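The values are calculated or read from the model by the stated rules, or taken from the named source; none is laboratory data. These figures come from a predicted structure and were not determined experimentally. When we count neighbours, we look across all protein chains shown, and the Cβ atoms used for this are built from the backbone with ideal geometry, even at glycine. In case anyone asks, the SASA skips ligands and DNA or RNA and just uses the protein heavy atoms, side chains included. Shrake-Rupley method; radii C 1.70, N 1.55, O 1.52, S 1.80 Å.
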Amino acid sequence: MGDDTHGWTAAPGAAERARSVLATAWSCAVTAEGSREEFVGAHSVTDDGRVLLQVPEDSPLLATAICAPRGEPSAVLEFADVAPVPVRSRIRARLWLAGWFSVREGHLAFQPTRVVLRQPSGAVVVDLDDFAAAAPDPLAGAEARLLTHLADCHADAVERLTRLVDVGSLHGAVRVQPLAVDRHGLTLRIERVRAGGDVRLPFHAPADDVGQLTERMHVLLSQATAASCPRSLQRQRADGDR
């Protein structure tokens, strides 16, 4: 039986990725009625993807919402997904929500009518029903802590994982950093002098919590160790496992 360890290459869908960006972003920019405001630590998200925004009483946005002809001014909310580990081009994705505000018990409730996610692979319009039904990646809340710990305390493990990367992708590399992790896999950023690229290492099965992620990472590291062994040694190990 062949080894299909890396045959499963699932990645988060657009709706799940959008909800993860929304759940972990610390700030958002709001454009409404020709004005733009930046808010930090002011938003929360309901289970169906509506954004609740706490704004100062003197905010022009609140005045706009209250004075809108139908009480529902249109607006665009922008969120940025920033890599927790210092790398060039740290913004991993941007999320735009177009829709309208309403005033609800001292805060603004935003109902999206259009969702656009832009990643390095391009922009995609996310289906509204999919967006409302999706949940953030289960590792999203812990991702920043996990990646910074990996980069700061386990540089040797990151180096070992590069043994799973095609040699051509490493040509000219000056630094490799962990860029992202989700339930489906780990992404490494390969930096070169003038350019760079990302390589994804998929897990053999989804990780729904940090405990499962630890097991998935151990599997990747074991595969990386095996990949560095001479072919004769790998053959001996395989014979010994029979």
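Summary table
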{"quantity": "All positions within segment 124-147 that are more than 13 Å from the chain's Cα centre (by Cα) and charged (D, E, K, R)", "calculated": "D127, D129, D130, R145"}
{"quantity": "Segment 28-43, residues that are open to solvent by 60 Å² or more (accessible area, probe 1.4 Å) and within 24 Å of the chain's Cα centre (by Cα)", "calculated": "E38, V40"}
{"quantity": "D137 being in contact with a Lys or Arg (Cβ under 7 Å, 6 or more places away or on another chain) and modelled with pLDDT of 95 or more", "calculated": "yes"}
{"quantity": "Count of residues meeting criterion [open to solvent by 50 Å² or more (accessible area, probe 1.4 Å) and within 16 Å of the chain's Cα centre (by Cα)] in segment 167-182", "calculated": "0"}
{"quantity": "Considering residues of segment 44-61 that are open to solvent by 30 Å² or more (accessible area, probe 1.4 Å) and of a type in the set (A, V, I, L, M) only, the residue farthest from F131 (Cα to Cα)", "calculated": "L52"}
{"quantity": "Criterion: touching a residue at least 24 places away in the same chain (Cβ under 8 Å) and surrounded by fewer than 14 Cβ atoms within 10 Å (Cβ to Cβ) - qualifying residue of D198, D208", "calculated": "D208"}
{"quantity": "Subset of segment 89-129 (residues that are among the hydroxyl-bearing types (S, T, Y) and either farther than 20 Å from R36 by Cα or touching a Phe, Trp or Tyr at 6+ places or on another chain (Cβ under 6 Å) (or both))", "calculated": "S89, S121"}
